[in-house]
1. I'd like to check something: does region 359-370 contain any residue that is at pLDDT below 70 and buried (at least 16 other Cβ atoms within 10 Å of the Cβ)?
2. Quick one: which residue in 100, 92 is in contact with a Lys or Arg (Cβ under 6 Å, 6 or more places away or on another chain), among the aliphatic types (A, V, I, L, M) and part of a strand (DSSP E or B)?
3. Across region 225-255, which residue is modelled with the highest pLDDT among those that are part of a strand (DSSP E or B) and more than 23 Å from the chain's Cα centre (by Cα)?
4. Which one is nearest to residue 207 (Cα to Cα), of the residues in region 43-62 that are touching a Lys or Arg at 6+ places or on another chain (Cβ under 8 Å) and aromatic (Phe, Trp, Tyr)?
5. Among 194, 234, which is the only one that is of a type in the set (Gly, Ala, Ser) and within 16 Å of residue 30 (Cβ to Cβ)?
6. Report whether or not residue 228 is free of Cβ contacts under 8 Å to residues at least 40 places away in the same chain and either surrounded by fewer than 17 Cβ atoms within 10 Å (Cβ to Cβ) or touching an Asp or Glu at 6+ places or on another chain (Cβ under 6 Å) (or both).
7. Among the residues of region 104-126, write down those that are of a type outside the set (S, T, N, Q), buried (at least 16 other Cβ atoms within 10 Å of the Cβ) and either part of a strand (DSSP E or B) or within 20 Å of the chain's Cα centre (by Cα) (or both).
8. Mind telling me which of the residues 280, 290, 303 ends up being surrounded by 15 or more Cβ atoms within 10 Å (Cβ to Cβ) and within 27 Å of residue 210 (Cβ to Cβ)?
Amino acid sequence: MNKRKLAVVLAVGILAASNAFASRARLLVMGTGQAFVLGGNMNGQNGSFSYDDAYNMFYNPSYVNDYKNWAIIEKSNNTGGGSGTSGFGGAVASIMNVNVGVFFNRVGSLNGDWSAANRNAMTPIDLVVGGDMGVKWGIGATWASTRTSSDLTGSDLTLRAGVQAMDFEPFINFKATGSNKLTAAVETKNKAIGGGVRYHFGEWTPYAAVQMNKTTDAAGNDNDTSKAWGLGLGRTAKLSEGVRSDYSVGYWHESVGGSFTTIPVEIAVEADVNSWMAARAGIQTTLLNRNNDADVGDTTVVRIGSTFHLGKADLDTAFGVSEGASSGTGNSPGSETYGNAATGGNHNGVDAQSLGLSPGLFAALGLSYHW
């Protein structure tokens, strides 16, 4: 049996273990393999490096071909990066031989150095288009803009492309526009370029990525704000009928106002309780989490979640414990605004927002419909 057939067999087994479509609520429990390094915050909006997920289309648009004809609305986005918004959603549909996805308010896409007024007022729109011509391809764009006054404006346009061919999945991104106008005479600009590759080897998925972000100040000088790179290895395995596991280990390094190195480990288990419910739990921790020469405090996060199958709809949940107020500058690996020195963030990344259920309870919900 060749590798492609083996991958198909394993995929069938995985789907049998859980027929839940992807959601941010599910990603927060299962882990991301540190996919946030490609931009935005560590909040489950950018997909996963370590396993296949619908939101992988936000760094490799070719995934729009694997997850289509569905719509989702999610509640309790993390407010990292200064945004006060708390929900996003969208849909993917097939139009003739092309698959098209449109999503609104994915604030996790806004990486860069922005004034608080501009960033808070932005509402990103994602457009993803892809097809399958023997090789799966996809292109994507994220656009956001704001105008507080004639002198205070912001605009951001990030372009992406990716393919899936012969078990390889290369992807790239480029920020075409990143204007941050502070006054009529002062404008700074965000620049970014990055990419990476994943490879499927049976149950195993090795991956690597690099991302470079810069800002140009009002005098036209380029300032290095972030250089990040890393690699990792994920595995998806069927443990028994209706039970699967996902786990990964990686090594990531970033230079942003200092030198940050982390070795993240993520372990999650998902199981069918019955025909209408699946349960999952995950732990995300680090073997090493160092800021220059000093170790960062404990960043271990444990969450539980579930999926309720309601006909053609799925209700995904994720629960954790709120960590309360900001505990740092947001620069260290694991912080919700990792890679953006301009904003603060909780040290564990996402468990910082209640859903109105309890002052100490973090929760995320996602309702999706498939046709």
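The values are calculated or read from the model by the stated rules, or taken from the named source; none is laboratory data. Please read all numbers here as calculations on a predicted model, not as lab measurements. Cβ atoms come from the backbone with ideal geometry, glycine included; neighbour counts cover every protein chain shown.
1. yes
2. Result: 92 is the single residue among 100, 92 that is in contact with a Lys or Arg (Cβ under 6 Å, 6 or more places away or on another chain), among the aliphatic types (A, V, I, L, M) and part of a strand (DSSP E or B).
3. The residue in question is 243.
4. My answer is 49.
5. Just one listed residue meets the conditions, 234.
6. No; evaluated as a whole, the condition is false for this residue.
7. 106, 107, 108, 110, 112, 113, 114, 119, 122, 124, 125, 126
8. Just one listed residue meets the conditions, 290.
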